[in-house]
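What follows is a single structure, written as structure tokens, with notes after it.
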Amino acid sequence: MLQIYNTLSRSKQAFKPIEPGKVKMYVCGMTVYDFCHIGHARVMIVFDMVVRWLRASGYEVVYVRNITDIDDKIINRAIENGEPISALTQRFIDAMHADSNELGLMHPDHEPRATDYIGQMQGIIGRLIEKELAYQGEDGDVNFAVRLFPEYGRLSGKSLDELNAGERVAVGGGKRDPLDFVLWKSAKAEEPADTRWKSPWGEGRPGWHIECSAMSCDLLGEHFDIHGGGADLQFPHHENEIAQSEGALYGQDHKASDQPFVNYWMHNGHIRVNEEKMSKSLGNFFLIRDVLKNFDPEVLRFFMLRAHYRSPINYSDAQLEEARSGLVRLYTALAQVPLSNKAVDPHSPWAKRFADAMNDDFNTPEAIAALFDLASEVNRAQDDEKAQLANTLKGLAGTLNFLQRDPTVFLQEGSRGGDAGLSAAAIEEQIAARVAAKQAKDFAKADLIRKALLEQGVVLEDKPGGLTEWRRS
């Protein structure tokens, strides 16, 4: 049975969907004012993996990942560029889709944009005002009254007293309490016309937190199975989502025994660069498209999933090179083995070990360890057993979207996205020269050619019948 670590309970729990056989999952997506970086890649890759395993386990999954296409960063960037909000956001939505396609990821079943759900957001805000959990301040903003929601802090494990002690925002403007958060921002005179909408509280735009409640509840219902996102969203974003969603449903009389907004909360770990947290202020962040100039997309996926999704990971070229070497080892085991699309026997010991790992809170490091051990068995096996084991390896890896390419093509491309060193034609020319040297019994020259190619990352393998095959190391 699948066990999921639930951030809300701080423990692994047996997964029981609300509706048997069906899973409704919402993941916080990107704010589209710039190109996606590798932190975004981790979110996309992790929850792509989760959906793939749920579907492989027989569940019918509805996967929703939103797009934030209105917020302060977007507005500021559009003003800087002198372009409409819609032009800016569409350009970066297209770029995000291009990155996702390059990474070989599935598209979500629904990809709602915040600006298409303004009416639903206003509906939730209206209900919160009716239940006296929200109020309009003197500055025109509508705020959520945090202290009136008794369950606030349950997800983050923070008490109101702790939060208040750490709060540095002075009460001013329209807030009654520094802990309160904005649901609706009153429009400012200098802001462009395409950043404001009419509402019962005057022209303005939604706060960031309210959009996810509106989109998830509209597409999945007021109670759904899984909500995911990066660890940095646990507080305050996801905490605020719970407060406003359950507050609109139950009001101030909300009790811990009431049906929750979400049953399982999943958060993936941070990415660090050279042991420092990745951030634009430190200048140590990397765009997906830049990484893929030097590394194959499958290598980046493999790098991300070698670590458990909840663990922080350290990013570096050396780590990606290590991941590339691991993929080469797995593909090498599949090379020269006749492969078929025959389904994997779920009762085989390899399939059971792989499933046990994945059912243990999506433990991809253990699942990948099983793949490496299976690759070793493929290398040792002979004939029919070798083919059977190789097909099992390919089939299990396919659940994680690995090892589905032609092994020879992958190995000869060097598993790199951009500069792959010597061209295939140049390598074949050197192999022909080596064959000629051997025929002339100039074995010293033949050895020099092999050594020179190896120094350039090309491994030669002599096969029976005088054939020579090659791959990149």
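Quick note: the coordinates plus some simple rules give every number you see, no bench work behind them. The structure displayed is predicted, hence computed values, not measured ones. For neighbour counting, all protein chains shown are included, and Cβ atoms are generated from backbone atoms with ideal geometry for every residue, glycine included.
Residue-wise HN-Hα couplings along the range 181-186, as the Karplus relation 6.51 cos²θ - 1.76 cosθ + 1.60 with θ = phi - 60° gives them from phi, are 10, 7, 9, 9, 9, 5 Hz; Gly and Pro carry x.
Relative contact order for the range 256-331: 39 percent, from Cα pairs under 8 Å spaced at least 6 residues apart, divided by residue count. Could you tell me whether the range 219-280 comes out rounded, prolate or oblate from its Cα gyration tensor? Rule is a ≥ b ≥ c as square roots of the eigenvalues, rounded for a/c under 1.5, then prolate if a/b exceeds b/c, otherwise oblate. Prolate is the answer for the range 219-280, as a/c is 1.5 or above and a/b outweighs b/c.
Taking θ as phi - 60° and the Karplus parameters 6.51, -1.76 and 1.60, the scalar couplings of the range 143-152 work out to 10, 8, 8, 4, 5, 8, 9, x, 8, 4 Hz in sequence order, x denoting glycine and proline.
The calculated 222 nm mean residue ellipticity attributable to helices in the chain amounts to -13500 deg cm²/dmol, summing -39500 (n - 2.57) over DSSP H runs of n ≥ 4 and dividing by all residues. Of K277/K394; K16/K185; K16/K158; K342/K451, which sit over 30 Å apart, Cα to Cα? Long pairs (Cα-Cα over 30 Å): K277/K394; K16/K185; K342/K451. Legend: translational diffusion of the range 13-271 by Stokes-Einstein, Rh = Kirkwood radius over C-alpha pairs, 25 °C, 0.890 mPa s; D = 128 µm²/s. Of the DSSP H helices in the chain, none is both long (alpha-carbon extent of 27 Å or more along the helix axis) and hydrophobic (Kyte-Doolittle mean at least -0.5).
Just to be sure I follow: if Rg is taken over the C-alpha atoms of the range 424-472 and Rh is the Kirkwood radius over the same atoms, what is Rg/Rh?
So for the range 424-472, dividing Rg by the Kirkwood Rh gives 0.93.
The share of C-alpha pairs in the range 292-413 whose separation exceeds 24 Å stands at 25 percent. Net charge near I124: determine it from the other residues with C-beta under 14 Å of the C-beta of I124, scoring Lys and Arg +1 and Asp and Glu -1. Net of charged neighbours comes to -4. Here's how it looks for F181: its modeled amide H is under 5 Å from those of F144, V146, which are all 5 or more places away or on a different chain. Close amide H partners of V459, meaning residues 5 or more places away or on another chain with modelled amide H under 5 Å apart, are R471, R472, S473. Taking amide hydrogens as placed 1.01 Å from N in the peptide plane, the amide H of N66 sits under 5 Å from those of V27, G29, each at least 5 positions away in sequence or on another chain.
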